[in-house]
1. Quick check on my filter: what residues within segment 164-196 are part of a helix (DSSP H, G or I) and surrounded by fewer than 22 Cβ atoms within 10 Å (Cβ to Cβ)?
2. Which of the residues belonging to segment 141-153 are part of a loop (DSSP other than H, G, I, E, B) and within 18 Å of the chain's Cα centre (by Cα)?
3. In segment 327-347, how many residues are farther than 18 Å from residue 231 by Cα and surrounded by 17 or more Cβ atoms within 10 Å (Cβ to Cβ)?
4. Hey, any hits in segment 209-224 for a residue that's crowded, with 23+ Cβ neighbours inside 10 Å and part of a helix (DSSP H, G or I)?
5. Considering segment 55-97 alone, what residues qualify as being out of contact with any helix residue (DSSP H, G or I) (no Cβ under 9 Å at 6 or more places or on another chain) and in a strand (DSSP E or B)?
6. Answer yes or no as to whether residue 126 is surrounded by fewer than 18 Cβ atoms within 10 Å (Cβ to Cβ), closer than 28 Å to residue 157 by Cα and either under 15 Å from the mean Cα position of the chain (by Cα) or modelled with pLDDT of 95 or more (or both).
7. When you go through (1) touching a residue at least 24 places away in the same chain (Cβ under 8 Å); (2) farther than 25 Å from residue 334 by Cβ; (3) in contact with a strand residue (DSSP E or B) (Cβ under 9 Å, 6 or more places away or on another chain) one by one for residue 114, which number turns out not to apply?
8. Out of all the residues in segment 320-369, which are free of Cβ contacts under 8 Å to residues at least 12 places away in the same chain, farther than 19 Å from residue 204 by Cβ and not in a helix (DSSP H, G or I)?
């Protein structure tokens, strides 16, 4: 039973506190991981501000990587000493969604994530006698984590863990949305609304897929400059006017073939819808408040045959997709090193979230010694 430091959100909109907690040993089908690094993601921020209504007090973190310390009974896919990326959507391999090949929609993982529990409905984290909630069966903003076996994906040991951590969420979500959800073909025109970690991953995925043009849209010039370094052919500042009209100008008046919304803003989804051609596809990745509604003109949906698709975790099959993404990284075709703008110690977690709110980093990462 490890005693460790963990970053706890005591209540919504409260500062995080770093305190000593205990972590139960892994049960059957579970893995104990010593965390090496974990990304600071907008989904964590969405828990803090209540956009994602998870229960508190909760140990945050879902974009992590580390080294396996021990495994519970029945675990066969990883062993002590293995380097792993954590998947925040482990799968049960039994529900209808898993059996259809859609593990990112796993019914059990979804229900347990909303309740802040592990897949068996119980919790492993305690502060004294008080049980703490888990974020998506991961809670990687701590020195150790117990995760389901299907949430620990073995990777090559020569991959830096602070870079591999990004594959746990942002990169898989963004690149996966291009490859799996939209299935972008070579030569297609792509517009990307929002150039944070996920949006930049969409840009990279579009580049690898052979898209052209790749149009990045953001409100910050610094993010747009970064998007160009990651493969965008054009950059549009959303403050400068009608972004959809500008995208149509850049695509011979037709509109983009695909538009990706990586912010979580219903108004931006509407802009993305306006920016695609007839028969184009809008892929919604960003997380908005659960009560938020998207407004789309009904007649254009029918007569123009536009499609609006949701993308959960890049429609990924983590056991297959994460190793593939890391092979692209090793081949120099996927930029991970360049995405990490700054690293933080666990005790600097509130500063890391302040920097996230202010758009300071492409990706901030908490690192553990």
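1. Of the residues in segment 164-196, the ones part of a helix (DSSP H, G or I) are 164-168, 170-182.
Once the filter is applied, which keeps residues that are part of a helix (DSSP H, G or I) and surrounded by fewer than 22 Cβ atoms within 10 Å (Cβ to Cβ), segment 164-196 yields 179, 180.
2. Residues of segment 141-153 part of a loop (DSSP other than H, G, I, E, B): 141, 143.
Across segment 141-153, the qualifying residue is only 141.
3. The total comes to 2.
4. Here is the first cut: in segment 209-224, the ones crowded, with 23+ Cβ neighbours inside 10 Å are 211, 214-218.
Cutting the leftovers down to part of a helix (DSSP H, G or I) gives us none.
No, segment 209-224 contains no residue that is crowded, with 23+ Cβ neighbours inside 10 Å and part of a helix (DSSP H, G or I).
5. The initial filter retains those residues of segment 55-97 that are out of contact with any helix residue (DSSP H, G or I) (no Cβ under 9 Å at 6 or more places or on another chain), namely 57, 59, 68-70, 73, 79-82.
Of everything in segment 55-97, those that are out of contact with any helix residue (DSSP H, G or I) (no Cβ under 9 Å at 6 or more places or on another chain) and in a strand (DSSP E or B) turn out to be 59, 68, 69, 70.
6. On the way: surrounded by fewer than 18 Cβ atoms within 10 Å (Cβ to Cβ): yes; closer than 28 Å to residue 157 by Cα: no; either under 15 Å from the mean Cα position of the chain (by Cα) or modelled with pLDDT of 95 or more (or both): yes.
In short, no.
7. (3)
8. Within segment 320-369, 358, 369 meet the criteria.
The values are calculated or read from the model by the stated rules, or taken from the named source; none is laboratory data. Quantities reported herein were computed from a predicted structural model and do not represent experimental measurements. FYI the Cβ positions are ideal-geometry reconstructions off the backbone, even for glycines, and counts take in every protein chain you see.
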